[in-house]
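One structure below.
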Amino acid sequence: MSQQFDVVVIGGGPGGYVAAIRASQLGFKVACIDEWKNAAGGPAPGGTCTNVGCIPSKALLQSSEHYEQANHHFAEHGITVKGLGLDVGTMIGRKDTVVKQNNDGILYLFKKNKIAFFHGRGSFVKAVEGGYEIQVAGASEETLVGKQIIIATGSNARALPGTPFDEVNVLSNDGALRLGAVPKKLGLIGSGVIGLEMGSVWRRLGAEVTILEGLPTFLGAVDEQIAKEAKKAFDKQGLKIELGVKVGEIKTSKKGVSVAYTNAKGEAIDLEVDKLIVSIGRVPNTMGLNTEAVGLQLDERGAIVVDADCKTNLPGVWAVGDVVRGPMLAHKAEEEGVAVAERIAGQHGHVNFNTIPWVIYTSPEIAWVGRTEQQLKADGVAYKAGTFPFLANGRARALGDTTGMVKFLADATTDEILGVHIVGPMASELIAEAVVAMEFKASAEDIARICHAHPSLSEATKEAALAVDKRTLNF
Ligand code: FAD
Ligand code: NAI
């Protein structure tokens, strides 16, 4: 006998578990299926984000930043540290504990919201009258029927052709987050978000890090001025980033990995490293869904084809998060999950793609929302720009972290904020004000007129808004 549900969610990452909670809040009978296993084989909902993505990477970024501070910056504060040590096992163990707290938190939320959780792989069997039959295989062996199906099966790391991940020498994000010791020499392919975050973690802990990037520009999606400022800071830290390279043969041996590449000048180089992290993007994951059984349409990249409302080609089947088009971000997946649950309930769920913030959690942090200066130029939009350096911010000086700036881009005629770009301390938190402002279609003057606490980093945001009108007070 199959169990009947109003909504069956396949995938328990940020897209799936949040969709399940919202659907339950709206009065539906909901099931969520997730196959992720912890080390003991038990359920570990939360997807890539919780298990091998956002959460563990931020835990290690925090631990490694503490080490970096104690090693290099405490002295400026008159604090002497003798016999500073590093226990990678404890650091990784703490990260695992943080992950488990989040897994358990989601299991608790399933209970609290009366969501039936099934631990196993969900796949389509067939369309049935008024819904779809879904088989669960794994720890839970069940057949479910859902009137509405939400697919949130996420993504997997992309491997270099001919070089599969072995997670010993050639690492994806998974292996990169659980190295047992600091490699003496670490190579990374791809200086995108993962390359910079993971490269930073292991550099701070003592690895000699080289990042090989195929494109000639550094962080091409980021505002050029901000990317330039960030690159300067990374260079100073000793994070070696080579742009415009062509990666050739990769050989692994007992000693490590050798990467043959051609640099931007056309010179052939062999890079010998102990470990290699490949961070060249991610591929949508529909493996095991048995999409053929129901004729679910995929695009040439393997992503599920959806319209602006996350509807697939099949009636009653929706898809959200990394498995569909758009940025691969946890908060984007969550927003889509909530919007789909609301649409199923006949409400007008909405995701504003123009105000999705991006954050790179390096030091300095990089965060932005809206369009970059180069995009505005390309689009022929008349704009005004205002910047304010953290060097002139009292709180940043007190913190001892004055790298970077806040940058505002506003419409030349209406003063509406078109983009805000930050490189510097706590950019990840500061960007929220810009997101709210843009969501409410605020002008730069609106921010400039708002009282900001003193001394705070957020004063740099106000000052950058003032700079749009060339009237900064402290610079
Ligand atoms: P996922 O989180 O991938 O979840 C999908 C889930 O579905 C998984 O648990 C999977 O096991 C399960 N599943 C798949 N197929 C089936 C099936 N057939 N049956 C049952 N279960 C199935 N984003 C940010 O916004 N901020 C960050 O700081 C950030 N840091 C990141 C760091 C790293 C190292 C990586 C790799 C990613 C990071 N991301 C970050 C991206 C973020 O993790 C993803 O955008 C997000 O997890 C996508 O959510 P999702 O729900 O679409 O998919
Ligand atoms: P990415 O798309 O951010 O960067 C990949 C980089 O690899 C690009 O710069 C690309 O030009 C380069 N590249 C591709 N093929 C190459 C090749 N053959 N040789 C050399 N360079 C090559 O992808 P990444 O870093 O793997 O991360 C995947 C996604 O995960 C991100 O796009 C992001 O959506 C998400 N993520 C988000 C984080 C955050 O929000 N803080 C943190 C980490 C990941």
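The table below gives the values:
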quantity: Expected 222 nm ellipticity per residue - DSSP helices of 4 or more, -39500 (n - 2.57), all of the chain, to 500; calculated: -9500 deg cm²/dmol
quantity: Global geometry of segment 379-432, whether rounded, prolate or oblate, following the gyration tensor of its Cα atoms and the 1.5 cut on a/c; calculated: prolate
quantity: For the chain: rounded, prolate or oblate by the Cα gyration tensor [a/c cutoff 1.5]; calculated: oblate
quantity: Charged-residue dipole, Cβ positions (Lys, Arg, Asp, Glu), the chain about Cα centre, Debye nearest 20; calculated: 780 debye
quantity: Whole-Å distance, taken between Cα centres, linking segment 15-39 and segment 447-461; calculated: 39 Å
quantity: Rounded percent of accessible protein surface that carbon and sulfur make up, segment 258-359, 1.4 Å probe; calculated: 51 percent
quantity: Loop sites in segment 52-158: trypsin sites (Lys or Arg not before Pro), DSSP, at most 15 other Cβ within 10 Å; calculated: Lys82, Lys114, Arg158
quantity: Charge tally in the Cβ shell below 12 Å around Ser24, where Lys, Arg are +1 and Asp, Glu are -1, Ser24 excluded; calculated: +4
quantity: Sequence-separation-based contact order of the chain, relative, with Cα cut under 8 Å and 6+ spacing, percent; calculated: 14 percent
quantity: Cut-off 11 Å between beta-carbons: net charge of the residues surrounding Val306, Lys and Arg +1, Asp and Glu -1; calculated: -2
quantity: Label point distance in nm, Ala221-Ala139, each placed 7 Å from Cα along Cα→Cβ; calculated: 3.3 nm
quantity: Residue-level accessible surface for Met438, protein heavy atoms, 1.4 Å, Å²; calculated: 30 Å²
quantity: Segment 224-273-segment 98-154 distance, computed between alpha-carbon centres (Å); calculated: 42 Å
quantity: Estimated inter-spin distance, Ala127 and Thr90, nm [label 7 Å along Cα→Cβ]; calculated: 5.9 nm
quantity: Pair Thr97, Ala268: separation of 7 Å Cα→Cβ label points (nm); calculated: 5.1 nm
quantity: Longest exposed-site-free window of the chain, the sites being GluC sites (Glu not before Pro) in a DSSP loop that have at most 10 other C-beta atoms within 10 Å; calculated: 301-475
quantity: Average accessible area per residue (Å²) across the chain - probe 1.4 Å, nucleic acids and ligands excluded; calculated: 46 Å²
quantity: Label point 7 Å beyond Cα of Leu399 along Cβ direction - residues of segment 37-67 with amide nitrogen under 18 Å; calculated: 58-59, 61-67
quantity: Fraction of beta bridges assigned by DSSP in the chain that are antiparallel (%, nearest 5); calculated: 65 percent
quantity: Considering only segment 170-280, percent of DSSP beta bridges that pair antiparallel, nearest 5; calculated: 45 percent
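The values are calculated or read from the model by the stated rules, or taken from the named source; none is laboratory data. Just so it is clear, the model here is predicted, and its values are computed rather than measured. Please note: Cβ atoms are built from the backbone with ideal geometry, for glycine as well, and neighbour counts cover all protein chains shown. For the accessible areas, the whole protein counts, side chains as well, though only heavy atoms, and no ligand, DNA or RNA atoms are used. Shrake-Rupley method; radii C 1.70, N 1.55, O 1.52, S 1.80 Å.
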